[in-house]
Structure formats: C-alpha cells, structure tokens
Amino acid sequence: MEQRQTNLVKSFSLTSLLAVIIAAILLGWMYRSLAVDELKQQGEINNVTLATTMANAIWPQVREVIDTVSEKNKLSDEDKVYSINVLDQSVKEIIQATNIIKVNIFDVSGKIIYSTRHDQIGQKNKNETFKTTVITRGNIFSGMSSQKSKASQHDANEQTVLYSYLPVKPFGSDDIEGVLAIYSDVTATYGRIQQSQFNFIIGLIVILALVYVALFTVVRRADAVIKKQSNDRDGYLHEIESINTDLDDYSKELALARDQALDASKAKSIFLANMSHELRTPLNAIIGYSEMMSEEMAMEGRDSDAGDLTKIKLAGAHLLSVINDILDLSKIEAGHMELHLEDLNVKAAIENIVETATPLAEKGKNILSVSIGDDITSMFTDLTRLRQVLLNLLSNACKFTSNGEISLDVHRQQDDPDLIVFTVTDTGVGMDAEHLENIFEAFKQVD
C-alpha cells in the first residue's frame with residue numbers, strides 16, 4: 001500500500017510538471033499567433049494606406065509605362081532608365097522615413113514592370129495565390145516571410161518582411177490595371193513579439209510552477225494522512241489479531257474448564273449416589289427399629305418409653321427427608337427445590353416440632369415456650385420444609401442460649417391475614433447490626 005501511494009505521488013509530480021510545460025507552450029503559441037495576426041492586420045492597414053497614396057501619386061507615370069510596354073514599339077533603354085529614375089524619385093519621396101524596404105509594380109500578367117530593386121524588373125510572380133486572389137479576384141493579399149539581409153560584407157541578418165499586394169483599378173472601373181506591392185521591414189516589431197512571447201511563457205511557467213508546488217504540497221499532505229491512516233489501520237489489525245489470539249487461548253481455557261467441570265460433576269454424581277446408599281441404609285434401619293421398639297413398649301404398657309421412641313422415629317424420618325432432598329442430584333443441579341404442598345394441622349405440626357426441639361432446650365437448661373393464635377387451625381404448605389426451617393431456628397436458639405428462655409410465636413400477619421408468621425425469640429448472645437446483614441448469605445456465620 002505504501003509503495004503504491006509513493007508511486008502515485010511520483011506519477012502526479014511527473015504528470016503535473018509535464019502538463020505545466022505543455023500548457024505554457026500552448027498558451028505561448030496562442031499568444032504569439034494572436035500577436036502575429038495583429039501585426040499582420042496593422043501592417044496590412046499601413047501598407048494599404050501607403051500603397052493607396054503611392055498609387056494616386058505615381059500611377060499616371062506607371063500607366064504610360066504599361067501602355068508603352070503593351071505596344072509593339074518597346075521603350076528604348078534610355079527611356080526605360082528615365083522612367084525608372086522618375087518612379088524611383090517619386091517612390092522614395094513617399095517611403096522615406098518609413099519601414100518600407102521595397103516596392104514592386106506588376107502588370108496584369110504578373111510581370112514586374114518596376115521595382116526599387118532594379119535587378120528584379122522583368123521577373124514574373126508565379127505564385128498561384130497571387131494570381132487567383134489579387135489579379136483574378138481583385139482582393140488585397142498580405143503575408144510574412146523571412147529573408148537574409150546583408151548588414152555588411154561579412155554579416156547577414158535574418159529579416160522579417162511583411163508584404164501586401166494591392167490591385168489598382170482605374171476610377172469608375174472594375175478592371176485591374178496592375179498590382180502595387182509594398183514590402184515592410186517588421187523585424188523589430190516581430191522581435192518584440194518574440195521577446196514578449198518569451199517573457200509571457202516564463203511568467204506563465206513561474207505561475208503554473210507555484211500552483212504546481214501548492215498542489216504538490218496538498219498531495220504530499222494527503223499522502224501523509226493516508227499513510228498515517230494505513231499505519232493506524234495496520235496497528236488496529238495487529239491489535240485485533242492479538243485479541244483474536246487471546247480469545248482463542250481463552251476459549252481453550254474455557255473448554256478445559258468446562259471439561260473439568262463436567263468431570264467434577266460426574267464425580268459429584270457418583271459420590272452423591274454412593275453417599276445416598278451409605279446414609280439411607282443405616283437411617284432406615286434406625287427408623288425401623290424405633291417403630292418395632294415403640295410397638296413393643298406400647299404392648300407392654302410402657303407409654304413413656306414408647307413416646308421417646310416415637311420422637312426418635314419422627315426425627316429420623318425428618319432427617320431422611322432432608323437427606324433425600326440434599327442427595328437428589330437433579331434438584332441440586334436445577335437450582336431449585338420442589339415443594340410438596342398440602343393442608344396440615346398447624347398445632348399438631350408445631351407440637352411435633354417442639355417435641356423434637358425440647359431435648360436441645362433442656363440440654364442448655366433453657367425454657368421452651370410456644371404461643372399459637374386461636375384463629376390458626378390449618379395452613380397450606382410443605383410440612384417437611386416447615387419442620388426444617390423451624391428446627392433450624394430452634395436448634396440455633398438452643399445452641400447460643402444457656403439458662404435462658406426460648407419462645408416460638410405463631411400468629412397471622414396484620415396487613416395480610418392469609419399469611420402466618422412464625423417468630424423464634426431467645427435470650428442468648430444475640431447478634432449485632434453488622435452481622436445481622438449477612439444472615440441470609442451462604443456459608444456465613446457469627447463466631
């Protein structure tokens with residue numbers, strides 16, 4: 001990416017520089033063309049003005065020469081020299097102090113019958129444009145050409161000549177009698193145009209170069225921004241790859257932890273299944289023997305002993321119910337405990353619970369008292385869970401109370417009579433407010 005951006009900057013630089021040069025050359029050429037066209041137009045106007053003045057001044061003499069040449073008897077050499085000298089004098093008076101370097105007069109056939117350069121008299125213009133445009137159509141024709149001009153015997157300078165051909169017609173006639181050609185030296189003006197063109201091109205190149213530098217600076221800055229964004233993107237991609245690698249490692253760790261958890265769960269299930277068998281078997285034996293002994297005691301009339309055995313049987317049955325719930329793997333893994341709701345006699349259930357908790361209270365020399373509201377007869381709940389909660393509360397009260405009082409109060413809630421409130425109160429060590437907030441958190445207790 002970085003190499004492609006660098007090549008892009010190089011391409012822009014070369015293309016822009018080439019475009020600047022081409023644009024300067026084209027604009028310079030257009031400027032020169034316009035300037036040369038303007039020079040031609042102004043020069044043609046000047047030449048036509050001089051040619052018109054000259055034609056009015058010398059054309060009667062030229063007409064005599066034309067008429068004489070057209071006759072069978074040609075001019076003698078002496079007359080020819082005289083006619084040329086007369087025309088020379090008239091022409092030079094008109095073109096003096098001007099930039100005209102040569103004057104030619106053509107007849108209708110294109111032959112030069114007079115020229116300020118006498119060596120050209122008698123030559124014929126074979127240019128087809130001259131014939132069709134000037135002689136045939138009678139239009140003015142102008143052009144520019146370059147020629148060598150001897151400044152001295154050893155030097156020759158390039159000379160720029162502007163020529164104009166003016167067809168001459170008699171007054172009131174459309175017939176052409178001849179053509180007056182004027183050749184002007186516009187070397188100085190043409191040189192100024194070339195110098196102006198050169199200065200224009202140089203100035204234009206400077207301006208375009210400044211514009212190019214500004215554009216190049218913008219492109220370089222944009223290129224730097226693109227490179228920075230590319231580097232940032234590469235950095236982000238590297239970070240993403242690192243994060244992906246970490247995620248892969250974390251996924252592997254999670255998979256390993258999952259496998260370990262499955263193995264632990266499997267081991268737990270095996271352990272609980274074994275413990276279920278090991279605990280239930282002796283507990284069922286205790287419950288069975290207590291029932292047999294209770295029946296024998298009842299038959300023998302030993303009611304007090306039979307009552308104690310009944311308590312043992314009920315406590316064992318409760319313990320077996322708790323063990324069944326604790327060792328039920330499906331309930332533990334599901335995160336909830338199933339309730340077996342039924343209508344039960346509250347007073348009978350409380351008496352049974354109190355009989356189980358009384359030995360614990362007597363062990364700490366505590367007095368256990370029970371208060372049940374007269375309006376409480378039955379309730380719809382799970383007897384096993386009720387026994388478990390109340391026995392836990394009473395056993396804790398007995399554990400932390402000595403030579404004190406423990407009371408169990410059962411009454412209906414005032415704002416909702418359908419609810420029954422069980423309250424266990426003791427005169428033991430108690431609990432401060434700081435520890436009171438943690439009583440419902442798992443595996444927490446006060447020392």
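Give me the 1.4 Å probe accessible area per residue for region 149-256, excluding ligands and nucleic acids, in Å².
Roughly 68 Å² per residue, with all protein chains present.
Report, in listed order, any pair from Lys40/Lys92; Lys268/Lys347; Lys102/Lys169; Lys40/Lys111 with a Cα-Cα distance greater than 31 Å.
From Lys40/Lys92; Lys268/Lys347; Lys102/Lys169; Lys40/Lys111, over 31 Å: Lys268/Lys347.
When the accessible area of region 370-413 is computed with all protein chains present and a 1.4 Å probe, what percentage of it is carbon and sulfur?
49 percent
Give the cross-link partners of Lys399 among the aspartates and glutamates, using a straight C-alpha distance below 14 Å as the criterion and excluding same-chain residues fewer than 8 apart.
Glu362, Asp426, Asp447
Which order do the peptides 347-359, 404-416, 118-130, 99-111 come out in when sorted by mean C-beta neighbours inside 10 angstrom, highest first?
Ranked from most to least packed, the peptides come out as 99-111, 347-359, 404-416, 118-130.
For region 296-439, calculate the relative contact order in percent as a whole number, restricting contacts to Cα pairs under 8 Å that are 6 or more residues apart.
Reported relative contact order: 21 percent.
The values are calculated or read from the model by the stated rules, or taken from the named source; none is laboratory data. Please read all numbers here as calculations on a predicted model, not as lab measurements. Positions of Cβ are backbone-derived with ideal geometry, glycine not excepted, and every protein chain shown enters the neighbour counts. Just so you know, the surface numbers come from the protein's heavy atoms only, side chains and all, with ligands and any DNA or RNA stripped out. Shrake-Rupley method; radii C 1.70, N 1.55, O 1.52, S 1.80 Å.
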